[in-house]
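The values are calculated or read from the model by the stated rules, or taken from the named source; none is laboratory data. Computed from a predicted structure; not experimentally measured. For neighbour counting, all protein chains shown are included, and Cβ atoms are generated from backbone atoms with ideal geometry for every residue, glycine included. We work out accessible area using only protein heavy atoms, side chains counted, and drop any ligands, DNA or RNA first. Shrake-Rupley method; radii C 1.70, N 1.55, O 1.52, S 1.80 Å.
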Amino acid sequence: MPPEAPVIPAEVHEYEREPVPASQWKGWKSFLGMYAGEHAAGTEFMIGPLFLTAGVSAFDLLVGLFLGNLLAVLCWRYLTAAIATDVRLTLYYQLEKICGRRLVTAYNLANGILFCFLAGAMITVSATAVGIPFDMEMPKLTDTTPNGATWIIVVVAIGAVISVIAARGYDTVSKFANIASPWMVLIFLACGVVALKGLRVASFADFWNIFGEGREPFPGQIKYTFWHVVMWSWFCNAAMHIGMSDLSVFRYAKNASSGWTTAAGMYVGHYLAWICACLLYALYIRSGDAQAMLAAGQAPPVAPGPMTYEAVGVAGLICVVVAGWTTANPTIYRAGLAFQAIAPKLSTARVTMIAGAVATVAGLFPAFAMQLLDFVAVYGFILAPIGAIIVFDHYFANGAGIVQNYAEKAGINFNVSVLLAWLISMAVFYSISAFGGVFLSFLTLPAWISCGALYLVFSRMLQKRV
């Protein structure tokens, strides 16, 4: 007989279209584990080697990552958490008040789908670890479609577990992360220690010499300078902080100071874990197979499961699986909220399960994980300017002489000012990147500021008295 379907509690209530009541506000510890778990993830084993393949220097890596992550934390604390604890609404309902239901529905659909693709990449990463005991063929960097029945079974099983956890609501997502995070951090450290031993690093000078003053990038990669590292690490989560996606998370915070807990994710995950992953990859590329690929003009692949298994054994495999879960859980949770805003009559639990199913399907296709770096950069660039609409409306509406939350007060379903500001900003700055060869992360902040400023200008021109 087939197993019974998991039961999702009917009483899960996420306050999708109302402010979170004071009785549900949470202290900083609820956010600490979630951010440490979400950003100390299996995907860090794919992102970390980027810096080595891009030819960064030791200074670029250590100082660039420190500065970029600090800027991200400041954005979470002083923009996202500050506004979230003022209004205590989800991103999607707040946008509806400003943009109108018709316009925000299109945004919610796109945002939810992109979140699902992102979560699908996490599922792919976890699958590289689960599949090892089954002698599963690992996807290559060039693979785009499933490579066999075992791959499909493993991905579906992982996706089902993640979807159930996410559908049980924020409390369950937070508890899962708090339980898993401390152990994962230890495994990341262990991987780093093993890699250092394998690389025969006995002093800081030895560590520095692994990267030195930088070198030529691997075939197919671009050269990263100090500012590439700073801007990419700042804006790889642009959709979450300056894009205001994490309004949906921090609306539960007792006060805005909970925004500082994002530092746990940035400096455990986007600093420690990335550097550990660099070291693991540095160890791997000294192997005969990797050297042969480099000699042939090819970049050696990155497979998180096998790489950690070689370093720390079964514990490494478990770490990759759990780390993928702790990232995919809140990502699917956010996607569920986006879909729920489109179909408010459906429960959040139900639409989250739908989001989990979409993410699982995406996880079947390795292309989302293998092209994760480019996808994350484009994703943040597209969605971050929408966050500028919220920030500028919240802080500058009165000074600019425009009506705050105009769509709600004017009773309109489509705010043309928002669409014009976003389209012009995207068209101008993406064109500069595409045709001028400018690194996309260099243009995320200018596009964000431009979108917010244009929103104020167009609103001043087009708003009617209400």
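Would region 352-360 turn up any residue that is aliphatic (A, V, I, L, M) and open to solvent by less than 10 Å² (accessible area, probe 1.4 Å)?
yes
Of the residues that sit in region 452-466 and are open to solvent by 100 Å² or more (accessible area, probe 1.4 Å) and under 16 Å from N398 (Cβ atoms), which one is nearest to the chain's Cα centre (by Cα)?
R460
Tally up the residues in region 226-260 that are open to solvent by less than 10 Å² (accessible area, probe 1.4 Å) and part of a helix (DSSP H, G or I), please.
Result for region 226-260: 11.
From S347, S287, which residue is in contact (Cβ under 8 Å) with a residue 60 or more places away in the chain, more than 24 Å from G33 (Cα to Cα), out of contact with any Gly (no Cβ under 9 Å at 6 or more places or on another chain) and hydroxyl-bearing (S, T, Y)?
S347
Could you please tell me which pairs satisfy a Cβ distance under 6 Å, a separation of 6+ or placement on different chains, a first residue in region 88-99 that is open to solvent by less than 20 Å² (accessible area, probe 1.4 Å), and a second residue that is aliphatic (A, V, I, L, M) and not in a helix (DSSP H, G or I)?
R88/V20; L91/M244
If only one of V391, V376 is modelled with pLDDT under 85, within 18 Å of Y107 (Cα to Cα) and either open to solvent by less than 10 Å² (accessible area, probe 1.4 Å) or aliphatic (A, V, I, L, M) (or both), which one is it?
The unique qualifying residue is V376.
Can you name every residue in region 310-328 that is of a type in the set (G, A, S) and either open to solvent by 30 Å² or more (accessible area, probe 1.4 Å) or more than 17 Å from the chain's Cα centre (by Cα) (or both)?
A311, G313, A315, G316 - these are the residues of region 310-328 that are of a type in the set (G, A, S) and either open to solvent by 30 Å² or more (accessible area, probe 1.4 Å) or more than 17 Å from the chain's Cα centre (by Cα) (or both).
Please go through region 21-41 and give me each residue that is touching a Ser or Thr at 6+ places or on another chain (Cβ under 6 Å) and at pLDDT 80 or above, ordered by number.
If the condition is that a residue be touching a Ser or Thr at 6+ places or on another chain (Cβ under 6 Å) and at pLDDT 80 or above, then W28, S30, F31, L32, Y35 are the ones that fit.
Collect the residues in region 394-415 that are open to solvent by 20 Å² or more (accessible area, probe 1.4 Å), assigned to a helix (DSSP H, G or I) and over 14 Å from L456 (Cβ atoms), keeping them in residue-number order.
E408, K409, A410
I'm trying to understand the selection: among the residues of region 110-135, which are open to solvent by 10 Å² or more (accessible area, probe 1.4 Å), closer than 18 Å to F368 by Cβ and aliphatic (A, V, I, L, M)?
Answer for region 110-135, where residues must be open to solvent by 10 Å² or more (accessible area, probe 1.4 Å), closer than 18 Å to F368 by Cβ and aliphatic (A, V, I, L, M): A110, I113, L114, L118, M122, V130.
Between E18, E14, E44, which is modelled with pLDDT under 75 and among the acidic types (D, E)?
None of the other options fit; the residue is E14.
Filter region 291-305 down to the residues that are at pLDDT 75 or above and in contact with a helix residue (DSSP H, G or I) (Cβ under 9 Å, 6 or more places away or on another chain), then identify the one that is surrounded by the fewest Cβ atoms within 10 Å (Cβ to Cβ).
By that ranking, first place goes to G305.
Against the condition open to solvent by 40 Å² or more (accessible area, probe 1.4 Å), at pLDDT 80 or above and under 30 Å from L337 (Cβ atoms), how does A160 come out, does it pass?
yes
Can you work out which of the residues in region 338-348 that are at pLDDT 75 or above and out of contact with any Lys or Arg (no Cβ under 7 Å at 6 or more places or on another chain) is surrounded by the fewest Cβ atoms within 10 Å (Cβ to Cβ)?
K345
In region 419-446, what residues are surrounded by 14 or more Cβ atoms within 10 Å (Cβ to Cβ) and closer than 23 Å to T105 by Cβ?
L419, L420, A421, W422, I424, S425, M426
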